[in-house]
Structures are given as structure tokens and as C-alpha cells.
1. Return one number: the angle in degrees, 0 to 90 and rounded to the nearest 10, between the long axis of the Cα atoms of helix 3-17 and the longest principal axis of the Cα atoms of the chain.
2. Starting from the Cα of Phe148, step 7 Å toward the Cβ, then list every residue of region 249-283 with an amide N under 19 Å from that point.
3. Which stretch or stretches of region 114-139 have amide N atoms under 19 Å from the point lying 7 Å from Arg199's Cα along the Cα→Cβ direction?
4. Counting only trypsin sites (Lys or Arg not before Pro) that are in a DSSP loop and have at most 13 other C-beta atoms within 10 Å, tell me the longest site-free stretch of the chain.
5. Which of the lysines could a cross-linker bridge to Lys329, judged by Cα under 22 Å and excluding same-chain residues fewer than eight apart?
6. Over region 90-329, one equal point on each Cα, no solvent: what is log10 I(q)/I(0) by the Debye formula at q = 0.15 Å⁻¹?
7. Please list, in chain and number order, the residues 5+ apart from Thr260 or on another chain whose amide H is under 5 Å from its amide H, with Hs placed from the backbone.
8. Let me check I have the definition right: for region 213-324, take the eigenvalues of the Cα gyration tensor, multiply each by 5, take square roots. What are those semi-axes in whole Å, largest first?
Amino acid sequence: MENSDLQQQFFTFLKGQLPAHLSMVDELSDLLDISADSIYRRIRGEKPITLPELKAICEHYKLSLDQMLQLHNESVIFHAPEINGQGKDFTAYLKGLLAHLKQFNSFNRKKMLYFCKDITFFHFYIFPEIAAFKTFFWIKTIKNDPAFSNAIFSLEDFSMEESFSIGQELVKEYNNIPSLELWNLESINSTISQIQYYRDSGTFKYAKDLAIVVDSLQRSLDHIQLQAEKGVKFMPGATDISHKASLQFYVNEVVLGSNTILLELNETRLSFITYSVLNYIITKDHRFNEKVFDNFYNLLTRSTLISGTGEKERNRFFNNLRAKVQALKA
């Protein structure tokens with residue numbers, strides 16, 4: 001293949017990664033600080049792109065040359081936010097997720113596939129009390145923030161209002177993305193275990209807060225079930241839901257999920273793979289995404305759709321989840 005052909009292939013691939021409303025020429029002209037005419041000459045293969053320019057483009061758009069040039073090896077390139085340094089505080093972490101969702105919503109065609117080991121992350125920010133508890137737990141127990149090392153949870157002392165405010169924005173952005181979610185009866189277990197652990201270790205300052213958090217989790221389940229019944233995503237209390245993004249809710253009683261989020265954005269596919277609970281790695285690798293997307297859709301054929309239809313199965317599933325939550329009050 002001629003160098004000019006490879007270069008044109010590179011720019012064709014790059015254009016497919018950008019939202020339709022963005023001009024690749026304008027973007028690259030600003031990034032590389034060269035004229036639009038110079039960009040066009042590179043796109044047409046008339047002028048070779050330099051290694052520093054290639055490096056700047058790949059770093060800015062988090063792209064892999066292996067993938068763009070279709071090199072056939074067994075390496076897969078992942079982008080890993082926070083891999084360098086100590087990581088962001090939790091508010092910055094939420095803002096990073098929000099930036100991702102806003103970017104997803106900038107595409108004309110988008111779809112999210114969520115393979116749930118736990119309750120979908122965004123659902124924890126529907127109501128403030130469970131949001132406060134989960135945020136406190138993530139900061140104290142998962143991120144091991146020294147400022148929280150001796151902290152005892154109470155809604156009075158740790159309302160986490162800033163995190164909840166950002167979380168509400170997250171939910172609204174998530175609600176605009178058509179989704180397929182694959183759940184299991186075990187999807188609630190980690191949150192159940194976290195509440196039990198704090199209850200049994202005396203990390204709830206007041207018994208009343210335990211009851212309030214449990215009730216808030218129940219309300220979250222009620223709202224998720226209502227969304228599954230309607231087959232669309234919406235905020236609590238919304239009345240006009242006819243034009244909301246669709247929600248296809250599946251249950252698989254055998255396979256546990258892995259908190260993996262798969263995205264289809266125009267012609268591009270992305271995989272978000274979680275590790276260490278809150279951290280995630282991202283890849284656009286075509287071969288990898290083909291495998292994980294195929295696996296997801298294969299699991300759907302062995303799962304039960306309980307959104308829109310399947311009232312009996314839907315009620316049975318959510319009643320089982322609610323029974324687990326109710327047991328926390330015993």
C-alpha cells in the first residue's frame with residue numbers, strides 16, 4: 001500500500017471517530033496550528049503527515065495506530081484514565097463520567113449496552129439518600145480517602161450534595177441514550193453487602209439513617225421497574241415520556257455481569273471495562289469490540305426481556321430484589 005493511501009486511510013478512520021457536527025479540518029487546524037489548506041493536503045495524501053503531528057493527533061483523540069492501520073497482532077490498546085498519578089477526587093471522577101456521556105450524546109446515532117454485575121451506576125443518583133451512602137462508601141472504602149478514614153456515615157453530616165447534583169446531570173445524560181441492560185438477581189448483592197457491612201460494623205451513626213437509605217434503595221428499584229414497564233428512561237415524576245430514549249431490560253438467571261459498558265456511536269464501537277470497582281479502561285479496537293459485542297448479543301438470546309412486555313417475569317424479578325433489600329431492616 002502506498003504511503004499516501006495509508007495516510008488517507010488514517011484520516012478516514014479519524015473522521016469516523018468524530019461527532020457529525022464537528023469539522024475534522026477545523027479540529028486538526030486548531031490542534032496542529034496549521035492552515036485548513038495544509039490539513040486538506042494531508043487528507044488528500046499530497047503532503048506527508050509528520051511523526052510529531054501523528055503523535056499529537058493520537059494523544060489528543062486517544063487513538064491507536066495499530067487499530068487505525070489495521071495491524072493484525074494480538075495487542076489491544078486501552079485508554080486508562082487515572083492510570084498515572086494518585087487519581088482524581090470523587091467529584092472530578094463524576095465530572096469525567098459526565099464529560100463522556102455528553103460526548104456520547106453529541107452523536108446522531110448512539111446506543112448503550114450495559115452488562116450489569118451491580119445496579120447500573122447511574123441509578124444510584126436517582127434519589128439523594130442512596131446517592132449519599134454510595135458516594136460515602138466509594139470515597140471511604142474504595143478510594144480509601146484519608147479524610148474519611150475515621151468518618152461515621154450520617155445523612156446529616158454527609159449529604160454529598162455536590163456529588164448528587166453532578167449525579168443528577170449524569171442520570172439526565174444517560175436517560176438520553178437508548179440502552180439495553182442485562183441484569184441478574186445478583187446485581188443488587190454488592191450494594192446489599194455494603195449496607196450490611198456498614199450496619200454490622202457500626203459505621204451508620206444513626207439507626208434512622210440506615211432505614212432511610214434502605215427506603216431510598218427501594219424507591220430506586222421502584223423507579224427502575226417503572227422504566228422497565230414503560231420501556232423508556234425518565235426522571236421520577238416526569239409526565240411526558242413519549243419521546244424519551246428506549247430501555248430494553250433483560251434478565252439472565254445464569255450468567256453474572258462484569259459492569260461492562262459498550263457503546264455504538266455512529267459507525268464507531270467502544271468498550272468500557274471496569275477494574276478495581278470504580279476505575280475503567282476504554283478501547284476502540286475493532287477486533288476486541290467485535291468479540292465483546294457478539295458475546296453480549298449472544299447472552300441476550302439466552303435472557304428474558306422484561307421491559308414493555310413480560311409483566312409476570314418483571315414483577316417476579318423486582319419483587320425478589322425488593323425482598324433482599326427489605327431483609328436489611330431485619
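Nothing in this text is a laboratory measurement; each read-out follows from the coordinates by a stated rule. Quantities reported herein were computed from a predicted structural model and do not represent experimental measurements. Methodologically, a virtual Cβ is constructed for each residue, glycine included, from the backbone with ideal geometry; neighbour enumeration extends over all protein chains shown.
1. Tilt relative to the chain: about 30 degrees.
2. Inside the label zone: 275-280.
3. 119, 129-138
4. Details: sites that count: Arg44, Arg109, Arg302.
For trypsin sites (Lys or Arg not before Pro) (loop position, at most 13 other Cβ atoms within 10 Å), the longest site-free span of the chain is 110-301.
5. In chain and number order, the partners are Lys134, Lys205, Lys208.
6. Once normalised to I(0) and log-transformed, intensities are -1.09.
7. It is Phe115, Lys117, by chain and number.
8. Working: eigenvalues 145, 60, 52 Å².
Computed over region 213-324, the values are 27, 17, 16 Å.
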